[in-house]
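Engineer: Before anything else, here's the structure in question.
The values are calculated or read from the model by the stated rules, or taken from the named source; none is laboratory data. This is a predicted model, so every value here is computed, not measured. For neighbour counting, all protein chains shown are included, and Cβ atoms are generated from backbone atoms with ideal geometry for every residue, glycine included.
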Amino acid sequence: MLIVFFRTLIIYVSLLFAMRLMGKRQLGELELSELVITVLISDIAAHPLQDIGIPLMNGLLPIIILLCCELIISGVIVKSNRAKEFICGKPSFLIVDGTIDQQQMKKNRVTLDELAEELRGQSVLDISRIKYAILETDGRLNIVLFPSERPATAGQLQVQTQDSGYPMIIINNGKIVPKNLLLCGKDEAWLDKQLSDRQVKNVRDVYLMSINSSGQIYFAATEGKQ
Amino acid sequence: MKREIIAAALLLSLLGLSIFNVHYMGKKTAILADEIDKAQTLFMDGDTVGAATCIENSLQGWLGWESYSHIMLRHSEIDSLTDAYYALLDEVQSGNEVPEAAFGALTEKLRDIVGKEGMSVGALL
């Protein structure tokens, strides 16, 4: 039992460290090489945990080797487009100028149902509105509409808009975030005044309080406290 | 670039350590297997005590290597080899007829450890 306990901790920390080094992309969209490594690592790590007769080294060593390979391959991909194309493939245009490229559909083994599902997911029901539908190397389908079908922007309509800026969280679940308070040029006295204006006696009674660069405050009291 | 260089260096170091591990295990098991071969020769010459001493020396060498072998080898392999040592020692000390194959089986098991670790098409596939 004790061995299993410590082995699990060691594998867990190693996996966390490995995934951290692989970067945030690993958590979202996966390229082919990343997917292979993620699937492999999860399987390799499980064996020494389940069977204490297998040396932990048999689990750790492959994780380290895969991590090194991934770091090297991702470095090469960043440096060379040719290598990226070779390892990850290249984007495919499934729809061009409102016409489905059937050869590309076959080549990428995408069925019409799958394409329709993806388009519905992006609220596009009419294929003739699509200028390009691009199947990215990580499997996402990106759609570019014809310019006449794109929603007009405030700039195109020449409408003045106000930039509300980035909201800074000042109180997070009953705790003041001093760094953010300082960043938005406020102090504790200002905060006390804001709280007393809202009849709040204790910071712990605030679930969320944020302020944006135009000075707008969002305030939410903790449920059941007010 | 720094990360990639560190990864490549780490990968090469691991490769180096793996090669060293195979050589180290080969050397170590060869010493242990030689001792068993010596025990077999002595036993064939009728020196049961000398043979038992040689097997015991080899067994002590094997047991002394346990912490390293537990990190590198499957525990079932280690247990099976230790059992084979004690079985042979028992047979030799009992004074009964011991077939040559019993010595051969133990040395084969020792050499098999390195065989599995060494680079060969069989081990790879």
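Engineer: Looking at the stretch A:77-89, which of the residues that are over 16 Å from residue B:8 (Cβ atoms) and surrounded by fewer than 16 Cβ atoms within 10 Å (Cβ to Cβ) is farthest from the other protein chains (Cβ to nearest Cβ)?
Structural biologist: By that ranking, first place goes to A:89.
Engineer: Take residue A:137 and tell me if it is at negative phi, in a loop (DSSP other than H, G, I, E, B) and in contact with a Pro (Cβ under 8 Å, 6 or more places away or on another chain).
Structural biologist: When the stated conditions are applied, residue A:137 passes them.
Engineer: Give the residue that is nearest to the other protein chains (Cβ to nearest Cβ), with candidates limited to residues of the stretch B:72-125 that are more than 20 Å from residue B:54 (Cβ to Cβ), in contact (Cβ under 8 Å) with a residue 40 or more places away in the chain and outside any helix (DSSP H, G or I).
Structural biologist: Checked the stretch B:72-125; the qualifying residue nearest to the other protein chains (Cβ to nearest Cβ) is B:73.
Engineer: If you don't mind, another one. When residue A:152 is evaluated against the numbered criteria (1) hydrophobic (A, V, I, L, M, F, W, C); (2) surrounded by 10 or more Cβ atoms within 10 Å (Cβ to Cβ); (3) in a loop (DSSP other than H, G, I, E, B), which criterion, by number, is the only one it fails?
Structural biologist: Result: residue A:152 fails condition (2) only.
Engineer: Go over the candidates A:92, A:74 one by one and state the one that is surrounded by 15 or more Cβ atoms within 10 Å (Cβ to Cβ), touching a residue at least 24 places away in the same chain (Cβ under 8 Å), within 14 Å of chain B (Cβ to nearest Cβ) and touching a helix residue (DSSP H, G or I) at 6+ places or on another chain (Cβ under 8 Å).
Structural biologist: A:74
Engineer: Another question, then. Of the conditions (1) modelled with pLDDT of 75 or more; (2) loosely packed, with under 13 Cβ neighbours inside 10 Å, residue A:48 clears all except one; give me its number.
Structural biologist: Going through (1) modelled with pLDDT of 75 or more; (2) loosely packed, with under 13 Cβ neighbours inside 10 Å one by one, residue A:48 breaks only (2).
Engineer: Taking only the stretch B:37-71 into account, find how many residues are aliphatic (A, V, I, L, M), more than 18 Å from residue B:96 (Cβ to Cβ) and away from chain A (no Cβ under 14 Å).
Structural biologist: Qualifying residue count, the stretch B:37-71: 2.
Engineer: A further question follows. Identify all residues within the stretch B:83-113 that are under 10 Å from the mean Cα position of the chain (by Cα) and among the polar types (S, T, N, Q); write none if there are none.
Structural biologist: Of everything in the stretch B:83-113, just one residue is under 10 Å from the mean Cα position of the chain (by Cα) and among the polar types (S, T, N, Q), namely B:107.
Engineer: Scan the stretch A:45-57 for residues that are more than 8 Å from chain B (Cβ to nearest Cβ) and either aromatic (Phe, Trp, Tyr) or assigned to a helix (DSSP H, G or I) (or both) and jot them down.
Structural biologist: A:45, A:46, A:47, A:48, A:49, A:50
Engineer: If you scan the stretch B:1-58, which residues turn out to be among the basic types (Lys, Arg) and under 16 Å from residue B:69 (Cα atoms)?
Structural biologist: B:27, B:28
Engineer: Is there any pair with a first residue in the stretch A:212-224 that is over 12 Å from residue A:198 (Cα atoms) and a second that is assigned to a loop (DSSP other than H, G, I, E, B) and modelled with pLDDT of 85 or more whose Cβ atoms are under 6 Å apart and which are 6 or more apart or on different chains, and what are they?
Structural biologist: Sorted first by the residue in the stretch A:212-224, then by its partner, the pairs are A:212/A:167.
Engineer: Scan the stretch A:156-176 for residues that are free of Cβ contacts under 8 Å to residues at least 12 places away in the same chain and either in a loop (DSSP other than H, G, I, E, B) or farther than 29 Å from residue A:120 by Cβ (or both) and jot them down.
Structural biologist: The answer is A:158, A:159, A:160, A:161.
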